[in-house]
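Notes follow once the structure below has been shown.
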Amino acid sequence: MNDAPRNQAFRAAIERAVARHGHTAHVLEIGTGAGLLALMAARAGAATVDTCESVPVIAEAARAIVARNGLSNRISVIAKKSQDLVIGQDVSEPADILISEILSSDVLTEGVLPSFEDAVTRLVKPGATIIPAAVTAVGCLVGGPGVERIVHVGSAGEFDLEPFSPLAPQRIPITTAASSWTRFSDDRELVRFDLTAGDHPPGWREIQVPVTADGTVAGLLQWMRIDLDAETTFSTHPRTYGGAGWTQIVHALGAPLSVTAGDVLRLRVGHDRTSLLVQLAEPTAAVRGLA
């Protein structure tokens, strides 16, 4: 909530959407939290804002915040999951504008796909504005002692703990502003999700990532590029994002891998609808000569 650049990006997209649909606009928000986006929509001039929150204590706090800001006459907080909403019962009609910020650092963990799929199928009108419209996972190969300590264990003191490394988490949050890391590739688009679509089947694709420096690759650093609308894009890029709301994610690729500039790593990237998935396309380190 104190992430000012993110708030500004959402506010700009919301204000444009309300201006486009007019002040009779009906807004639906998924995931109320403190009610910030709902408040933005009402302040932008939307006639009615329905916002749903599945955690009762959070919904109650949001109601108090809405009242505190004098907008109870236009904002209704519904203590339900969006997938349990009933048109004509919980909300009067399908919405003109859908707003949600349930994105997690690794994009999908908070039920993004089923929530958006259900909403665009039955909770909004044809031609509704969806905010955000799309989100893309972007990444680059990384290494360095700081990253290696996060994703891999060799020894601790005089003890060899190497066999434990395969049991470590495959996706590890990292705050790059406070961590030392070394880049070993350019940025690559991994997976893009069109949040205006009604279906996102799980799947994989293979990408080739040219290595740009000599050293040891420990994993793939991933962040988000969020297309709020056609005019506003917000990124959690590790070199520019300093907000407190999201982190970046290191996807472990197994044991640290020695590479040389000009090598090409073949990666499999995809999702199972709840998590982003990144792995080496081959279990070996024989990645040279693929360019």
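The values are calculated or read from the model by the stated rules, or taken from the named source; none is laboratory data. In this text, all values refer to a predicted model and were calculated from it rather than measured experimentally. Cβ placement follows ideal geometry from the backbone for every residue including glycine, while neighbour counts extend to all protein chains displayed. Quick note on the areas: whole protein, heavy atoms, side chains included, nothing else; ligands and nucleic acids left out. Shrake-Rupley method; radii C 1.70, N 1.55, O 1.52, S 1.80 Å.
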Check your understanding: Condition test on Val211, is it within 14 Å of Val142 (Cβ to Cβ), touching an Asp or Glu at 6+ places or on another chain (Cβ under 7 Å) and modelled with pLDDT of 95 or more?
Key -> yes
Study note, to complete from the structure: Scanning the stretch 197-216 residue by residue, those surrounded by 13 or more Cβ atoms within 10 Å (Cβ to Cβ) and out of contact with any Ser or Thr (no Cβ under 9 Å at 6 or more places or on another chain) turn out to be Ala197, His200, Trp204, Ile207, Gln208
Exercise for review: For residues that are β-branched (Val, Ile, Thr) and touching a strand residue (DSSP E or B) at 6+ places or on another chain (Cβ under 7 Å), tally how many sit in the stretch 212-233.
Suggested key: 4
Check your understanding: Scanning the stretch 48-61 for residues that are among the β-branched types (Val, Ile, Thr) and surrounded by 15 or more Cβ atoms within 10 Å (Cβ to Cβ), which turns out farthest from Leu28 (Cα to Cα)?
Key -> Ile58
Check your understanding: Restricting attention to the stretch 62-85, does a residue exist that is in contact with a Pro (Cβ under 9 Å, 6 or more places away or on another chain) and assigned to a strand (DSSP E or B)?
Key -> no
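Every residue in the stretch 18-36 that is open to solvent by 20 Å² or more (accessible area, probe 1.4 Å) and in contact with a Ser or Thr (Cβ under 8 Å, 6 or more places away or on another chain), please.
Step one: list which residues in the stretch 18-36 are open to solvent by 20 Å² or more (accessible area, probe 1.4 Å), which gives 19-24, 31, 33-34, 36.
Listed by number, the residues that qualify are Arg20, His21, Gly31.
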Exercise for review: Considering only the stretch 108-123, state which residues are surrounded by fewer than 22 Cβ atoms within 10 Å (Cβ to Cβ) and touching a Pro at 6+ places or on another chain (Cβ under 8 Å).
Suggested key: Arg122
Practice item. Tell me which residues, restricted to the stretch 1-29, are modelled with pLDDT under 95, touching a Phe, Trp or Tyr at 6+ places or on another chain (Cβ under 9 Å) and not charged (D, E, K, R). Key: Pro5
Review point. Checking Ile130 against (1) out of contact with any helix residue (DSSP H, G or I) (no Cβ under 6 Å at 6 or more places or on another chain); (2) surrounded by fewer than 19 Cβ atoms within 10 Å (Cβ to Cβ), which single condition isn't satisfied?
Key: (2)
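Let's see how each residue does on (1) modelled with pLDDT of 95 or more; (2) surrounded by 13 or more Cβ atoms within 10 Å (Cβ to Cβ):
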residue	(1), (2)
Asn73	yes, no
Val151	no, yes
Glu158	no, no
Pro163	no, no
Check your understanding: Are any of the residues in the stretch 94-104 of a type in the set (S, T, N, Q), within 18 Å of Leu195 (Cα to Cα) and at pLDDT 95 or above?
Key -> yes
Check your understanding: If a residue has to be charged (D, E, K, R), open to solvent by 40 Å² or more (accessible area, probe 1.4 Å) and closer than 19 Å to Leu37 by Cβ to count, how many in the stretch 225-247 make the cut?
Key -> 1
Review point. Between residues in the stretch 268-291 that are open to solvent by 60 Å² or more (accessible area, probe 1.4 Å) and residues that are charged (D, E, K, R) and modelled with pLDDT of 90 or more, which pairs lie under 6 Å by C-beta distance while being six or more apart or on different chains?
Key: Arg268/Glu206; Gln279/Arg268; Arg288/Asp263
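Table: residues versus (1) in contact with a Leu (Cβ under 9 Å, 6 or more places away or on another chain); (2) touching a residue at least 12 places away in the same chain (Cβ under 8 Å); (3) buried (at least 23 other Cβ atoms within 10 Å of the Cβ).
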{"position": "Asn7", "(1), (2), (3)": "yes, yes, no"}
{"position": "Ala13", "(1), (2), (3)": "yes, yes, yes"}
{"position": "Met40", "(1), (2), (3)": "no, yes, no"}
{"position": "Ala46", "(1), (2), (3)": "no, yes, yes"}
{"position": "Arg63", "(1), (2), (3)": "no, yes, no"}
{"position": "Leu85", "(1), (2), (3)": "yes, yes, no"}
{"position": "Ser92", "(1), (2), (3)": "no, yes, no"}
{"position": "Ala95", "(1), (2), (3)": "yes, yes, yes"}
{"position": "Asp106", "(1), (2), (3)": "yes, yes, yes"}
